[in-house]
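Here the structure is laid out as structure tokens; the discussion comes afterwards.
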Amino acid sequence: MDLQIALLLGQDGLTNGAIYALLALALVLVFAVTRVIFIPQGEFVAYGALTLASLQAGRLPGTVWLLLALGAVIAVVDGSLAIRARQFKRLPWIVLLSCGVPLLLVGALLAVSAATLPLPVQVLLALMLVVPLGPMIYRLAYQPVAEASVLVLLIVSVAVHVTLIGIGLLFFGAEGSRTPPFTDVSLEIGDALLQGQTILVVVASVVLIVALYFFFERTIYGKALRATAMNRTGARLMGISGSLAGLLSFTLAASIGAFSGILISPITTIYYDSGFVIGLKGFVGAIIGGLASYPVAAAGAVLVGLLESYSSFWASAFKEVIVFTLIIPVLLWRSLKARHVEEE
Amino acid sequence: MRVLDDDGDDGQTVVLQVRGLSVSYGKVDALHGIALRVHRGEIVTVIGPNGAGKTTLLCALIGLLPVRGDIVYLGERQDAGRSVEKLVRQGMTLVPEKRELFAEMSVEDNLLLGAFDRYRVGHRDQLETIDQVYDIFPRLMERRQQMAGTLSGGERQMLAMGRALMAKPRLLLLDEPSLGLAPLVIREIFRTISQLKKLGVAILLVEQNARAALQIADYGYVLETGELSLEGRSRELLTDQRVVESYLGLGGRH
């Protein structure tokens, strides 16, 4: 291996690592606030990428139907709860929010041909289609069992993951998609050729991480999420309900997932089930951070990206094995270091 | 604003009225047939020994535990749809026995989150409210950048109370504010509680430290093994033979 290859691999590893870092942050966030190990995180990556690809190909993405269906189910569930509690004034709001908004989005998509729109608008549309799925899935799958044990929540996660994979196959088909790069610019620094898309991914990830930092440190809603993670009872007594915190963290996780998918779709071909492995690598990063520390999780995820990239050069066949084996020494180190605290 | 219930006897407004309240853990009755009443600007205390059900009473009132019986808060009968979040929005706030602070956040952030629900419904006056809380607890002002987890016991209690005050409560439920504190600090905390009364807050104070509680309260109840055994003006309870023997000791002053 000469320097040029090393730089190339490093660049590749950093790009993927940046994406894994974003996913790792989302996983830590969701776990800290709701105790859910969010296996379906990766599906949002695939959905984001494939929805954008469908829009660019001039097809109506299947995500639209999922959005409408989930909206309708939520309207029925919340509506009947409101009727039982005799809160009739809430009914129009429930219907408007869970059915009206998705319908409006679908109407807009049918009215204009998305393929001819400028790229930023397409990205925005894809995000608007995928991100609401996050809070909707929380409302239907997790909120009813929010007080259950971590294990029950994990089982729900597996179910949601398998369901979303199946639905993804139905909507997007078995073929993979790759979207055109956002930029064709490339930089030549010495011997190394730096791809514009690579820079874009890294810069966008860093910007998003900084934005998340400000959200958690400076805004009252961000602080409320941190407070819920620290002390659920204390937060409840301040009027920060578990469901509000859950909806908020799932919205963030879905945004991060979909955005990551959109960022990498020009670099790798994304299939309906590609999200899972990508999400798992973010999960390895999150585990390095003990599912608790944001900076360590992000750093761990970048390490995962680099390790993956260099091992694909030396031992391409064992690429995934090497990456996932990383988790064993990490767990060993963590379990030796940490005091054992019984949960529940 | 909702029209408050009138008490009738003395024309004061009733903030909280409880009748026949029972709470059970499985088949065991933790509280049975509790009846009590708190007026606006009044300190009512519930004293009693360890395990009498004092904390259970407050957790039940704030909606953390399911109850049987009648709770009328601000003239509105609580139904099955009651929840902590709804009661917090209606101005009921609990300062729990364990304080439940956000340990890895600064004092100021803890206080800010006390106003979370008010912020959410559009009251953006949290910075003024924080100044008012700093006026009441100057110590919190000095410590405002410090992590809540590094505070002393007394400061933690002040922070828990200050955080509760950020919600501008109409009814403040205080669970054992003296627990684990030094006598001097207890005196300071109780002096503050009697000052809060002047702000028009109704206070339901649950205490094991019966003497200190009765000295600042207007009215008192004695809770024993899940039932109220005695009630009366706190001045009278302080000299009541049964209270003196069981809870105040034989004339010994702390």
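Residues checked against (1) crowded, with 22+ Cβ neighbours inside 10 Å; (2) away from chain A (no Cβ under 11 Å); (3) free of Cβ contacts under 8 Å to residues at least 40 places away in the same chain:
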| residue | (1), (2), (3) |
| --- | --- |
| B:Gly48 | yes, yes, no |
| B:Arg82 | no, no, yes |
| B:Leu111 | yes, no, no |
| B:Arg139 | no, yes, yes |
| B:Arg144 | no, yes, yes |
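Evaluating B:Arg37 against the criteria (1) part of a strand (DSSP E or B); (2) without any contact (Cβ under 8 Å) to a residue 40 or more places away in the chain; (3) within 14 Å of another protein chain (Cβ to nearest Cβ) leaves one unmet condition, (3).
Restricting attention to the stretch A:211-229, does a residue exist that is polar (S, T, N, Q), assigned to a helix (DSSP H, G or I) and open to solvent by 10 Å² or more (accessible area, probe 1.4 Å)? Checking the stretch A:211-229: not a single residue is polar (S, T, N, Q), assigned to a helix (DSSP H, G or I) and open to solvent by 10 Å² or more (accessible area, probe 1.4 Å).
The rows are residues; the columns are (1) within 30 Å of B:Arg163 (Cα to Cα); (2) under 13 Å from the mean Cα position of the chain (by Cα).
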residue: A:Gly246; (1), (2): yes, no
residue: A:Leu252; (1), (2): yes, yes
residue: A:Ile256; (1), (2): no, yes
residue: A:Ile267; (1), (2): no, no
residue: A:Tyr272; (1), (2): no, no
residue: A:Gly275; (1), (2): no, yes
residue: A:Ile278; (1), (2): no, yes
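Can you report the number of residues in the stretch B:207-227 which are among the hydrophobic types (A, V, I, L, M, F, W, C), closer than 14 Å to B:Glu42 by Cα and not in a helix (DSSP H, G or I)? Result for the stretch B:207-227: 1. Within the stretch B:97-107, the set of residues being among the charged types (D, E, K, R) and either at the interface with another protein chain (Cβ under 10 Å from one of its Cβ atoms) or under 22 Å from B:Leu74 (Cβ atoms) (or both) comprises B:Lys98, B:Arg99, B:Glu100, B:Glu104. Would you confirm whether any residue within the stretch A:321-343 is open to solvent by less than 60 Å² (accessible area, probe 1.4 Å), under 18 Å from A:Gln41 (Cα atoms) and out of contact with any strand residue (DSSP E or B) (no Cβ under 7 Å at 6 or more places or on another chain)? Within the stretch A:321-343 (the criterion being open to solvent by less than 60 Å² (accessible area, probe 1.4 Å), under 18 Å from A:Gln41 (Cα atoms) and out of contact with any strand residue (DSSP E or B) (no Cβ under 7 Å at 6 or more places or on another chain)), the answer is no, since none of the residues qualifies. Might you check whether a residue that is among the polar types (S, T, N, Q) and either at pLDDT below 90 or in the same structural domain as B:Asn110 (by TED's automatic domain parsing) (or both) occurs anywhere in the stretch B:241-253? Looking through the stretch B:241-253, at least one residue is among the polar types (S, T, N, Q) and either at pLDDT below 90 or in the same structural domain as B:Asn110 (by TED's automatic domain parsing) (or both). Here B:Leu74 passes the criteria (1) aliphatic (A, V, I, L, M); (2) within 13 Å of chain A (Cβ to nearest Cβ); (3) open to solvent by less than 20 Å² (accessible area, probe 1.4 Å); (4) farther than 18 Å from B:Tyr221 by Cα except the one numbered (2).
With a requirement of 3 or more residues that are farther than 24 Å from A:Ala286 by Cβ, the helices (runs of 4 or more DSSP H) lying completely within the stretch A:23-142 that satisfy it span A:41-56, A:63-84, A:91-95, A:101-111, A:119-130.
Of all residues in the stretch B:201-245 being among the hydroxyl-bearing types (Ser, Thr, Tyr) and in contact (Cβ under 8 Å) with a residue 60 or more places away in the chain, which is surrounded by the most Cβ atoms within 10 Å (Cβ to Cβ)? Among those residues, the one meeting the criterion is B:Tyr221. Looking across the stretch B:113-137, just one residue is at the interface with another protein chain (Cβ under 8 Å from one of its Cβ atoms) and surrounded by fewer than 17 Cβ atoms within 10 Å (Cβ to Cβ), and that is B:Arg120. The number of residues in the stretch B:4-25 that are at pLDDT below 85 and either at positive phi or surrounded by 14 or more Cβ atoms within 10 Å (Cβ to Cβ) (or both) comes to 6. Evaluated against (1) of a type outside the set (Lys, Arg); (2) in contact with a helix residue (DSSP H, G or I) (Cβ under 9 Å, 6 or more places away or on another chain); (3) over 30 Å from B:Gly20 (Cβ atoms), B:Ala217 falls short on exactly one condition, (3).
For the stretch A:230-241, the tally of residues that are more than 7 Å from chain B (Cβ to nearest Cβ) and open to solvent by less than 40 Å² (accessible area, probe 1.4 Å) stands at 1.
For A:Tyr271, are the conditions met, namely being at pLDDT 90 or above, over 22 Å from A:Gly10 (Cβ atoms) and crowded, with 16+ Cβ neighbours inside 10 Å?
Answer is yes for this residue.
Put simply, of B:Leu65, B:Leu94, B:Leu61 the only residue that is within 14 Å of chain A (Cβ to nearest Cβ) and either modelled with pLDDT under 90 or within 15 Å of B:Leu228 (Cβ to Cβ) (or both) is B:Leu61.
Sub-6 Å Cβ pairs linking a first residue in the stretch A:82-106 that is within 14 Å of chain B (Cβ to nearest Cβ) to a second residue that is open to solvent by 100 Å² or more (accessible area, probe 1.4 Å), at least 6 apart or interchain, are A:Ala82/A:Arg90, ordered by first then second residue.
The values are calculated or read from the model by the stated rules, or taken from the named source; none is laboratory data. Every value quoted in this text rests on a predicted model; they were computed, and no experiment measured them. Cβ atoms come from the backbone with ideal geometry, glycine included; neighbour counts cover every protein chain shown. These accessible areas exclude ligands, DNA and RNA; they are computed on the full protein's heavy atoms, side chains included. Shrake-Rupley method; radii C 1.70, N 1.55, O 1.52, S 1.80 Å.
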